[in-house]
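K.L.:
Structure provided below as structure tokens; questions to follow.
Values in this text are rule-based calculations from the coordinates and carry no lab data. All values derive from a computational prediction rather than experimental measurement. When we count neighbours, we look across all protein chains shown, and the Cβ atoms used for this are built from the backbone with ideal geometry, even at glycine.
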Amino acid sequence: METRRDVFQAIADPTRREIISLIAGKTQNLNSIANNFDMTRQAISLHIKILTECGLIAIRQQGRERYCEAKLEKLSEVSAWVDQYKQFWVDNFNSLEKYLTKIQKHKKNAKRKSNR
Amino acid sequence: MQNANPIDNDAVLVVTHEFSAPINLVFNAHADAESLAAWWGPVGYKLTVLKLDFKPKGLFHYKMESDERVMWGRFIYGQIKKPELIEFTLSFSDEKAGITRAPFFNPWPLEIFNVLTLTEKNGKTTVTLKSYPINATEKELASYRANRHSFNQGITSSMKALELHLKKIMHNQ
């Protein structure tokens, strides 16, 4: 199985969702991002690395600082999937509804016949 | 219908439906091959159940066929509590029940975790679906966290203390 990074990997983790929210409003350096979390710098760096590989963050070196900038266009891929998947389930539930109506009707008819 | 922010809370996607049927009937419709073949799957496709093992860690493997294409899908079940809970991981699949990329839906997650909860009131059953993508990276991260925790804890906490200390000093200058 391939381990290509896709945008869903970015949003699958709640910490990463928070990181995205943090920098969506304002580009920040790695240190100030890490300060918001109660976990090791290494753990945060790994999250940022994944987000970069998914195309959601771009890192800019400025002197000794590394600034993280959000690339939110990629998130539209997630919205696209959410809309499709939601519709898929709405359709499924409608099918299930029809199926349940049908089997309940058959049960009623079967009962009626046996009561004659 | 709300326009959900795709990066909200603990579920990326929530769908609710109320069925005019008692809870056992609704639950059972998810639990046997004949029922699933009758309602599960995308519109316009004929569904064939290849395997159904309705229990935790069990496999539901199925084929979807239309005039234009054939696809396979699979569930791996998580927790199951009759009649109120069914969890499963959904993926596109192949003939051998492996995991594949979605054939033409793009982009699509490799694996999607789904939690179905059922509640009954006045003879009607409400089903709530909560769903989010999961993937290999999560497993990687989880094992990384687990390993770090066991042997790095001592070093980590002292590094943190040092960092805080340095911050304090710098702040006071």
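K.L.:
What pairs from B:Lys46/B:Lys130; A:Lys108/B:Lys130; A:Lys105/B:Lys130; A:Lys107/B:Lys46; A:Lys113/B:Lys81; A:Lys74/B:Lys55 go past 28 Å between their alpha carbons?
P.N.:
A:Lys108/B:Lys130; A:Lys105/B:Lys130; A:Lys113/B:Lys81; A:Lys74/B:Lys55
K.L.:
Report the extension gain between A:Glu18 and A:Glu53 in nm, rounded to one decimal, defined as 0.36 nm multiplied by the number of residues separating them, less their alpha carbon distance.
P.N.:
10.9 nm
K.L.:
I've got another one for you. Could you give the nm distance between label points at B:Glu68 and A:Gln61, where each point is 7 Å from its Cα heading toward the beta carbon?
P.N.:
It is 4.8 nm.
K.L.:
At 7 Å along the Cα-to-beta-carbon direction for both A:Glu69 and B:Ile99, put a label point, then send me their distance in nm to one decimal.
P.N.:
Result: 3.4 nm between the two label points.
K.L.:
Taking each residue in A:83-91, count the Cβ atoms of any other chain within 10 Å of its Cβ, then average. What number comes out? Let's see the in-between values first.
P.N.:
Values: counts 4, 4, 12, 7, 3, 5, 10, 4, 4.
If you average over the peptide's residues, the count of other-chain Cβ atoms is 6.
K.L.:
Right, something else. When the Cα atoms of segment A:1-106 are enclosed in a convex hull and the volume is divided per residue, what value in Å³ results? Mind dumping the intermediate values first?
P.N.:
Details: hull volume 15.8 nm³, N = 106.
Convex hull of Cα atoms, per residue: 149 Å³.
K.L.:
Relative contact order for chain A using alpha-carbon pairs under 8 Å, separation at least 6, rounded to a whole percent?
P.N.:
Working: 83 pairs, mean separation 29.5, N = 116.
Across chain A, relative contact order equals 25 percent.
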